[in-house]
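Input: a single structure, listed below in structure tokens.
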Amino acid sequence: VVDMRTPLAVWGGGHSSPTFLAVARVRPAVLAALVSRGGGCGGEGLLALAGGVDQHSDKGEVVECARLVLDMEGEKVNCVQRQGMTPLMLASRGGCEVLVAWLVEQGADLDRRDSEGWTALMFSVDRGMGEVVRLLLDKEADPMLVSCDGQRAADIAASSGSCVMQEVIESFCG
């Protein structure tokens, strides 16, 4: 039997709690059991979830984990990791449309910037995540924001050669 707060050795020499690992591996049934016994993620659960999912993740399990995590003590929808990235930025970069939509519904800041001035929209454009780009624009993410290196979302699309994405973004700039 493992205590919920017992750090477990993980790949790379680090340690994580069983609850944190259940979040990172998107296991809602395991997570629910651990949370019911007092497990938590120290305010980093949404970051772990968003950083580990992508467009291929099971939609129902992602949303269920997100709901369970946000109910944990200390969890905030706009929390940030060291480089200033939020769960919305991480989910947008990974193309997890269902988590992006859920985070927006929970009040995630669409235009928050990381340490380089990038937004969730910029990350989704850079990774070619068209459905997420459209979702963020539909929810009124600002396509005119400029990163620290002087790029807008449309500039990022142009530099990657995505004319279609560039046109979609520019249609929202009107």
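The values are calculated or read from the model by the stated rules, or taken from the named source; none is laboratory data. Source: prediction; values computed, not measured. Neighbour counts are summed over all protein chains in view; Cβ atoms, including those assigned to glycine, are modelled from backbone coordinates with ideal geometry. We work out accessible area using only protein heavy atoms, side chains counted, and drop any ligands, DNA or RNA first. Shrake-Rupley method; radii C 1.70, N 1.55, O 1.52, S 1.80 Å.
What to note about this one:
- Test result for LEU88, at pLDDT 95 or above and more than 13 Å from the chain's Cα centre (by Cα): no
- From the list ALA120, ALA101, ALA141, ALA108, the lone residue that is touching a Ser or Thr at 6+ places or on another chain (Cβ under 6 Å) and modelled with pLDDT of 95 or more is ALA120.
- Among the residues of the stretch 116-128, some residue qualifies, meaning at least one is surrounded by fewer than 20 Cβ atoms within 10 Å (Cβ to Cβ), in contact (Cβ under 8 Å) with a residue 24 or more places away in the chain and under 21 Å from CYS79 (Cβ atoms).
- Selected residue (only one of GLY94, GLY128 is out of contact with any strand residue (DSSP E or B) (no Cβ under 8 Å at 6 or more places or on another chain) and on the phi > 0 side of the Ramachandran plot): GLY128
- Top-ranked residue in the stretch 28-49 [being within 19 Å of ALA101 (Cα to Cα) and not aliphatic (A, V, I, L, M); ranked as most open to solvent (accessible area, probe 1.4 Å)]: PRO28
- Any hit, the stretch 50-58, residues being in contact with a helix residue (DSSP H, G or I) (Cβ under 6 Å, 6 or more places away or on another chain), open to solvent by less than 10 Å² (accessible area, probe 1.4 Å) and closer than 14 Å to LEU31 by Cα: no
- Lone unmet requirement of (1) out of contact with any Cys (no Cβ under 6 Å at 6 or more places or on another chain); (2) closer than 20 Å to GLY130 by Cα for VAL53: (1)
- The stretch 149-174, subset polar (S, T, N, Q) and in a helix (DSSP H, G or I), residue surrounded by the fewest Cβ atoms within 10 Å (Cβ to Cβ): SER171
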